[in-house]
Amino acid sequence: MSEDYLEHEHQEPSNISFDFRGYLFKVLNLWKFVLLCIGVALLIAYLINVRKQNVYKLSSLISVENDQNPFFTANTSISFNWGGVSGKVGKTITTLKTRTHNEKVVDSLQFYIDYFVEGKYRKNDIYRQAPFVVVLDSTKLQVLDYPIGIRFLDNSTFEVFTEFESEKRVGQRYDTKAKGSVSVPMGIFKQSFKVGEPIDLAFFKGEILLRSEGTIKPQSEFYVQFSNFDIVVNRYKNNIIVGPFNPNASSVLQLSLAGHNKLKLVDYLNTTAVILSETELERKNQYASNTIKFIDSSLAAVNDNLKDYNEEMNRFRRENKVFDVSIEMSQISDKLKSYEAELESEQIKLDYLQALESYLRTKTDYTLIAAPSSVGIDEPNIQQSVSKITVLAIERQSMEYSTREGSDLFKDLDRRIDAEKNVLLETIEATRATIRVLMQGLNRNIASLEAQLSDLPEDQQEFLKIQRKLDISQEAYNVYMDKRSEAAIVKAANISDIAIIDEAKDIGGGKIGPNKSLNYMMGLMLGFFIPMFLIFVIFLLDTTIHGSDEIQQLSNIPILGLIGKYRYHNNLVVFEKPKSAVAESFRSIRSSLQFILNKKPKTGGRTIMVTSSVSGEGKTFTSINIATVYALSGKKTILLGLDLRKPKIFDDFELTNDSGIVNYLIGEADFESVNNKTHIENLSVVPAGPIPPNPSELLMSDRMESLITSLRETYDIIVLDTPPLGLVTDALELVKYADTSIFMVRLDYTKKGMLQLINAKYRAGEIKNISFVLNFYKHKTNHNYGYGYGYGYGYGYGYGVYGNAYHEGGKRSAWKKITDFIKRI
């Protein structure tokens, strides 16, 4: 050791930061634990990958166009709203996400019935691959969310089996979708049925039919499970993704759906497109359907009138002779018939307008209005207003499934409908006034012609009158039939605005999950970082000292030496095991002490004080063996037991503690009577004696000072075994007698905070020439690098690594290895 090393500057380390190097060596020491965690995490990732169902995603394409009916031209007399409205793409996307639409799809596919077979890890869905199909009685309750086993005994017989744990289960009727309570049999249930035979059980009502004539392996087991209709609809409604296929072609939409069964995905995507197309066509035909319905109701009345007039003419002919009227009277009759037909037509228009006004004022559903042109009203304003109102009403009706009532969208539509309705009402009133004026003129013309016919005989007048009514009714009937045929042709030729461009199809692929590589990567990361974090937390919260490097960070007091962990039945290691590694450690400490003591020559014996922070750090063990190693070297040595509060040193020398230095200090005995020769040559031991009530006062007494002075003249080495410095102040009273002091630090035991006490006293100059001795030292790569590494290597090499070389036992047990591993953490 150099002189600079011994003459310590009284200062603390300038900065104490996180010991990253120590943390790194801690991790390296626990590499097996980290590797184990990584292995466990990868195993968990593997189990997840093999147990998790594959997830597939399929798509289809549809177009939303504004298709014009090929039979609708400028010459078509009946006007319909074939063109649709703006924002049709947005409405289509909304419709596909509505509950009403998805209810139709789920209901048509019966996706509330699931077919399973028992797999290795779970029940696997075999939709459309099951050899049978379930035909439910939708008017009865079916038990929900409970698998019902189907075991085929042969091709014509099967067994229904299940096991219920409670008497009540929830059931659902699939016609009304109402739910109710179902009483089910407790325990194991089995019952056989024939294929096609009605099944009438408390939890299952329906039939089971085979899909084909193929054979079914006997004892094959399948499972059927009925799901909550609303939950199934909600799942598909939330999972289906609808969006533009290409930003440049916004009228083409892509429908995507993810799930575990590709056949189900294909059927759902294609069926939802078909139902959407049918619904759109139905909505598109609604205006034409209303018109046909109106014409049919008018035709019934005209047909009745026609029958009545035919009967009246036949009756007149039977009762009167057949005769002819003059050509002049016939021409007048034809004119009169023309006026009356025109008057009839205007009256029909007037009736339509009256009914339309009443409908607008009393009804709120404007989707059922017939076309004005169906009765010959060709007023453009009326036709446009009726068309706009109908379009807005249909738009509002379609929004009711996806928009909250009271929304601003509804308010805006209602304002537009009301504004258009007010305009239409004003137009109706003006048109009715015009029609009334026209009818007044027709009535005057009819009256004039009837006056000319009044000169004819009554029977001829009656004949002409009946003939005119018959002809007018026939013409009206023909007009209605023509218009109905026209409307029917246009409706039949109409096509949906929704066209399926590319159907969903399972062509292989489409798998999107689970991402096995990602799972393994996550497992690897978690398996690495979780133990790293745990080690970090343990390292951060650990307040004990584990190596010489930590002492160098916490204090400027030098390390004198290292003592390996030792297991022996007493503390006389140096004497009884002189060739052990720990004995060699004490010899190295002796050499270092001699180097320190020789730096300051002094006559008489030299005093060495041994202390620690708390009990259990090896203070007494070190005191005994330092005294022993000096005695074996030929130095006349005495060991004083000055730990008056907890005396220990007497047991190892087979002495009693009945009399000791306490008796001398209080004057009860002379020193020779308490001084004991030991079986170790050149070593004397003075035990502490009985525990006094005032140990500090005794150690401060003049007799103690005179004793040390006397012993310096008699002995070469005086070893003072003192109380722990961190618990009592007794050791401070003895510092003045010590030429050098040893402060014991037990690795994995002494708290870092205890060094602050000795550092403070070292800075204040209360303790001088003090050094650390590390007890329970183990030579490991994660600790004791630097200074401690040199000591551990130099003095432990010849006898093996400290902590193992001097163990007398054989191999450690498995339990011991586990407990040692936990302690290392």
task = Quick one: which residue in Leu336, Leu409 is surrounded by 15 or more Cβ atoms within 10 Å (Cβ to Cβ) and in a helix (DSSP H, G or I)?
result = Leu336
ask   = Of all residues in segment 726-746 being touching a helix residue (DSSP H, G or I) at 6+ places or on another chain (Cβ under 7 Å) and open to solvent by 10 Å² or more (accessible area, probe 1.4 Å), which is nearest to Lys602 (Cα to Cα)?
value = Asp739
inquiry  = Could you check segment 44-66 and list, in sequence order, the residues that are under 24 Å from Lys264 (Cβ atoms) and part of a strand (DSSP E or B)?
reply    = Val55, Tyr56, Lys57, Leu58, Ser59, Ser60, Leu61, Ile62
message = Based on this model, can you work out whether Met522 counts as open to solvent by 20 Å² or more (accessible area, probe 1.4 Å), under 30 Å from Glu357 (Cβ atoms), at pLDDT 75 or above and of a type in the set (A, V, I, L, M, F, W, C)?
response = no
query = Does segment 399-414 contain any residue that is among the hydrophobic types (A, V, I, L, M, F, W, C) and over 53 Å from the mean Cα position of the chain (by Cα)?
reply = no
inquiry  = Need the failing condition index for Lys505 against (1) over 46 Å from the mean Cα position of the chain (by Cα); (2) at pLDDT 85 or above, just the number.
reply    = (1)
remark   = Residue count, segment 535-548, condition open to solvent by less than 10 Å² (accessible area, probe 1.4 Å) and under 47 Å from the mean Cα position of the chain (by Cα), comes to 3
key: Long-range neighbours under 6 Å by Cβ, at least six apart or interchain, first residue touching a residue at least 24 places away in the same chain (Cβ under 8 Å) within segment 525-552, second of a type in the set (S, T, N, Q)   = Ile545/Thr750; Gly547/Asn784; Ser548/Asn784
key: Qualifying positions in segment 233-282 - closer than 26 Å to Tyr127 by Cβ and of a type in the set (Gly, Ala, Ser)   = Ser256, Ala258, Gly259, Ala273, Ser277
ask   = Of all the strands (runs of 3 or more DSSP E) wholly in segment 119-162, which have at least 1 residues that are on the phi < 0 side of the Ramachandran plot, open to solvent by less than 10 Å² (accessible area, probe 1.4 Å) and not hydroxyl-bearing (Ser, Thr, Tyr)?
value = 132-136, 148-152
inquiry  = So Ala669 ticks every box in (1) open to solvent by less than 30 Å² (accessible area, probe 1.4 Å); (2) touching an Asp or Glu at 6+ places or on another chain (Cβ under 8 Å) but one. Which box is left unticked?
reply    = (2)
key: Search result, residues across segment 431-478 that are farther than 25 Å from Ala301 by Cβ, at pLDDT 75 or above and either touching a His at 6+ places or on another chain (Cβ under 8 Å) or surrounded by fewer than 16 Cβ atoms within 10 Å (Cβ to Cβ) (or both)   = Ala433, Val437, Gly441, Arg444, Ala447
Residue ID - most open to solvent (accessible area, probe 1.4 Å), chosen from residues in segment 241-293 that are more than 26 Å from Glu103 (Cβ to Cβ) and part of a helix (DSSP H, G or I) = Lys293
query = List, please: which pairs have Cβ atoms under 7 Å, are six or more places apart or on different chains, and start with a residue in segment 620-635 that is within 9 Å of Leu683 (Cα to Cα) and of a type in the set (D, E, K, R) and end with one that is part of a loop (DSSP other than H, G, I, E, B) and modelled with pLDDT of 90 or more?
reply = Lys635/Asn682; Lys635/Asp716
remark   = The condition of being at pLDDT 85 or above, over 52 Å from the mean Cα position of the chain (by Cα) and open to solvent by 10 Å² or more (accessible area, probe 1.4 Å) holds, among Asn769, Asn759, only for Asn769
note = Filtering segment 163-205 down to residues that are crowded, with 19+ Cβ neighbours inside 10 Å, part of a loop (DSSP other than H, G, I, E, B) and not aliphatic (A, V, I, L, M) yields Tyr174, Phe203, Phe204
ask   = Which one of Val85, Val50, Val64, Val89 is in contact with a Pro (Cβ under 9 Å, 6 or more places away or on another chain) and modelled with pLDDT under 90?
value = Val89
message = When the residues of segment 635-665 are narrowed to those that are modelled with pLDDT of 90 or more and open to solvent by 50 Å² or more (accessible area, probe 1.4 Å), which ends up farthest from Lys579 (Cα to Cα)?
response = Lys636
ask   = Could you list, in sequence order, the residues of segment 367-376 that are buried (at least 21 other Cβ atoms within 10 Å of the Cβ) and more than 17 Å from Lys491 (Cβ to Cβ)?
value = Pro372, Val375
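The values are calculated or read from the model by the stated rules, or taken from the named source; none is laboratory data. The structure displayed is predicted, hence computed values, not measured ones. Quick reminder, even Gly has a Cβ in these numbers, built from the backbone with ideal geometry, and neighbours come from all protein chains shown. Remember, those area values only see protein heavy atoms, side chains included, never the ligands or the DNA or RNA. Shrake-Rupley method; radii C 1.70, N 1.55, O 1.52, S 1.80 Å.
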